[in-house]
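Comments concern the structure below.
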Amino acid sequence: MVKFTVIGGNASSDLAKRIARRLKAPYIKTGKKVFPDGESKITIDQIPKKSIVIVVQSTYPPVDTNLLELLSIVSKVQKVSSKVYAVIPYMGYARQDREFLGGEIITIGVVGKLLKAAGVKKILTVDIHSKLALKELKIPSENVSAMEVLVKHFKKINMKNPLVVSPDLGGQERAKKFANILKTDFIALKKHRDRKTGKVEILTRKVDVKNRDLILVDDMISTGGSIVKATKFLKKHKCKRVFVACTHALLVNNAAKDIKNSGVYQIISTNTIPGNSSKVDVSKVISNALS
Ligand code: R5P
């Protein structure tokens, strides 16, 4: 009997195939048809034989569509397997992990309830936005870090006196980890985001970054606002090149263009979200955690 069967949702089929190869597990693909009204019909090529079934699906935009696809696949396979694990490399809604303003809903908790109801027994995710989000899922969940594989990529780049920078204080643990593996130092900027408008402001006033190549390390880039503001600030302080290392490059709307225009030299992200910048493969990190 095979131990694992891997099913790739449409948002993560390439990564799912890589995970299946590493686990030496059969890979099952899914199909998708979108109706004129926007509903999608998901099909599974083959019903898996008795094994631990791993459904791989990131929930990047369209977030709800990808989430519903994941829920649909899980609800189908839980009929033949009592052990269905969801690998959600990019966990959408993880930033909605607390009530920032009165009346807000902790939507990541709702996502957890839906996954549990569909039949998910365990979740594996990569660099989830916060520990709180992981806790709010209320299903056995594990978070793995992509920092090591990202650093491995950066080690191949010839950099001048590199310094790791976290664009906000919330990300300093991640930046510290990155800097430790790269064997360099790090700083964290103080950032403020207006909870109503979403506008970002850098509160730090002075940094010593002159003539250094910088690596801005973040878990995710969405609108690019945080990276643009940080880069403009760092450029004023006469740094050399600004690289961006992030796990999840959502790059919504004009984010890629805005980031380039702010002076960023290169963005390197992982394949939790496929795209032009996703040069780093996280399949090994995920399969190691599963096996
Ligand atoms: C914030 O705490 C996160 O770590 C990211 O910095 C943020 O979510 C990125 O969003 P945006 O690209 O829209 O500024």
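General remarks:
- Among the trypsin sites (Lys or Arg not before Pro) in region 32-76, those placed in a DSSP loop whose Cβ has at most 12 other Cβ atoms within 10 Å are Lys49, Lys50.
- Counting protein heavy atoms only, region 198-278 has 46 percent of its accessible area on carbon and sulfur, 1.4 angstrom probe.
- Straight-line cross-link reach from Lys160 at under 19 Å between alpha-carbon atoms covers these aspartates and glutamates, not counting any fewer than eight positions away in the same chain: Asp185, Asp208, Asp213.
- Helix 172-182 vs. the chain, principal-axis angle (Cα, 0 to 90°, nearest 10): 80
- Cα centroid separation - region 59-129 against region 187-207, whole Å: 29
- Dividing the convex hull volume of the alpha carbon atoms of the chain by its residue count gives 131 Å³ per residue.
- Extension gain, Ser82 to His237: 0.36 nm times the residue separation minus the Cα-Cα distance gives 50.1 nm.
- The calculated FRET efficiency for the pair Phe100 and Lys49, based on their C-beta separation and a Förster distance of 51 Å, comes to about 0.65.
- Remark: for residue pairs Lys41/Lys257; Lys229/Lys279; Lys29/Lys138; Lys121/Lys155; Lys156/Lys190, the C-alpha separation exceeds 32 Å in Lys41/Lys257; Lys121/Lys155.
- All Cα pairs of region 194-260, percent lying beyond 18 Å: 39
- Annotation: per residue accessible area for the chain equals 50 Å², rounded to a whole number [probe 1.4 Å, protein chains only].
- Prolate/oblate/rounded label for region 77-209 (Cα gyration tensor, a/c 1.5): oblate
- Site-free segments of the chain were taken between GluC sites (Glu not before Pro) in DSSP loops having at most 15 other Cβ atoms within 10 Å, sites themselves excluded; the longest one is 105-291.
The values are calculated or read from the model by the stated rules, or taken from the named source; none is laboratory data. Computed from a predicted structure; not experimentally measured. Positions of Cβ are generated from backbone atoms using ideal geometry, with glycine treated the same way; all protein chains shown enter the neighbour counts. SASA here: full protein model, heavy atoms, side chains in, ligands and nucleic acids out. Shrake-Rupley method; radii C 1.70, N 1.55, O 1.52, S 1.80 Å.
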